[in-house]
Every structure is written in structure tokens, then in C-alpha cells.
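This report refers to the structure that appears directly beneath it.
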Amino acid sequence: MKPALLVIDVQKQFFDESPETARSLNAAIEYINAAIALFRAKNLPVICVQDVDEEDKRVPGAPSFDVPESVKVLPSDLHIHKTYGNSFNKTPLAGALRELGVDTVILTGYCAEYCVLSTYRGAQDHDFTPIVLRGSLASGVAENIAFVERIGDVISYGALRRVLG
């Protein structure tokens, strides 16, 4: 297994959607940052996926587009900009993963029931093995996180550490 970590749509604008969403994102960031540190220690790719929506003025260069400073993504990480829920749809993500020799994607981010779940299915469509990192998903509705974790392959942070050695 050669995994890559996908950090999906953890962007400043989404913290303003509701207090529940902001709390959920802040809780997920703890797990996302732990996974980022683990992937860096193992020299494995970290990929930041950011949603572009011109109507919402969430575009590169706009503050709402940016990843919060609390998320340990680096400018040197691969950044993918998407306009669909599925991070693979009309983006260079699949090709980039293949160039890196990746066969498994560890999914984290926002919104569990939309973009994360769509990307999970998109990974399968491109013959990657998708796995959700438990605790690393965010949503405005807590029950939706549990739903996504029930229907997909899920791994805890501790199990991920053991698998990656």
C-alpha cells in the first residue's frame, strides 16, 4: 500500500456557515494535523483539495478560499482546485496520484456527506482504495459524519500509525 492523504475543503469560508460547522471543523483539524505529521514523517504525499465557487467568491486569492493557518498544509504540498464535489471530477488528481505511485487515499475534511463521500466514490471509480480517517471529517450535521463512517472503509489514527509503521 502506498497512501496519500487528502485534506478536502478545509477552507476559511466554511467556518462561517454555522457554529456547528465551525465546531466540527475545529475538532476534525486535530486529527487532520496528526495525519499530516504522520505522512510527513513517512515521506508520503499530502494533498490539499480546495473548492472553487465563483458565485460564492471562493476563488484563489480570496481570503475565503484559503486554508486556515491552524491546518498544517504547506505551500509545497500538491494543491488541487475543484469545482465539483468529487475531487477527481475534471481535476488532475488521479493523474498526480498515479505519478506518485499511490494506490490508496486517506480521506479527511469537509463536508462529510458531500465532497468527502463524493471523493470516496470517485477514488473507487479511478481504481484507488479510499479509506476515511475516523475523527477527521466535518459537517454541519454530526449524524452525517457517523453515516459516512458507517458506509465506507474507516481507519482510526492509531491503526493508521500501525499500518504505516
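List of remarks:
- Quick note on the range 40-106: its Rg to Rh ratio, both from C-alpha atoms and Rh being the Kirkwood radius, is 0.98.
- Of 80, 33, 15, farthest towards positive along the dipole that unit charges on Lys, Arg, Asp, Glu beta carbons give the range 1-88: 33
- Dipole in debye (nearest 20) - the range 83-165, about Cα centre, beta carbon charges: Lys, Arg +1; Asp, Glu -1: 180 debye
- The radius of gyration of the Cα set in the chain, together with its Dmax, comes out at 14.3, 44 angstrom.
- The dipole here belongs to the range 35-96: it is taken about the Cα centre, uses +1 on the Cβ of Lys and Arg and -1 on the Cβ of Asp and Glu, and is about 360 debye.
- Every Cα-Cα pair in the range 20-73 was counted, and those over 15 Å apart are 58% of them.
- Looking at the range 1-155, the accessible area is 46 square angstrom per residue; that uses a 1.4 Å probe and ignores ligands, DNA and RNA.
- The range 48-64 versus the range 139-154: alpha-carbon centroid distance in Å: 25 Å
- Fraction of accessible area attributable to carbon and sulfur, the chain (%, probe 1.4 Å): 50 percent
- Helical runs (DSSP H, four residues minimum) scored at -39500 (n - 2.57) apiece and divided by the length of the chain put the mean residue ellipticity at 222 nm at -10500 deg cm²/dmol.
- Modelled label positions at residue 70 and residue 23, each set 7 Å beyond Cα in the direction of Cβ, lie 1.4 nm from each other.
- For the chain, the dipole from Cβ point charges (+1 on Lys and Arg, -1 on Asp and Glu) about the Cα centre works out to 700 debye, to the nearest 20.
- Counting DSSP beta bridges with both ends in the chain, the antiparallel % (nearest 5): 5 percent
- Computed over the range 77-123, Kirkwood Rh from alpha-carbon pairs, angstrom: 11.0 Å
The values are calculated or read from the model by the stated rules, or taken from the named source; none is laboratory data. Here the structure is a predicted model, which means the values were calculated and not measured. Positions of Cβ are backbone-derived with ideal geometry, glycine not excepted, and every protein chain shown enters the neighbour counts. Accessible surface areas use protein heavy atoms only, side chains included; no ligands, DNA or RNA. Shrake-Rupley method; radii C 1.70, N 1.55, O 1.52, S 1.80 Å.
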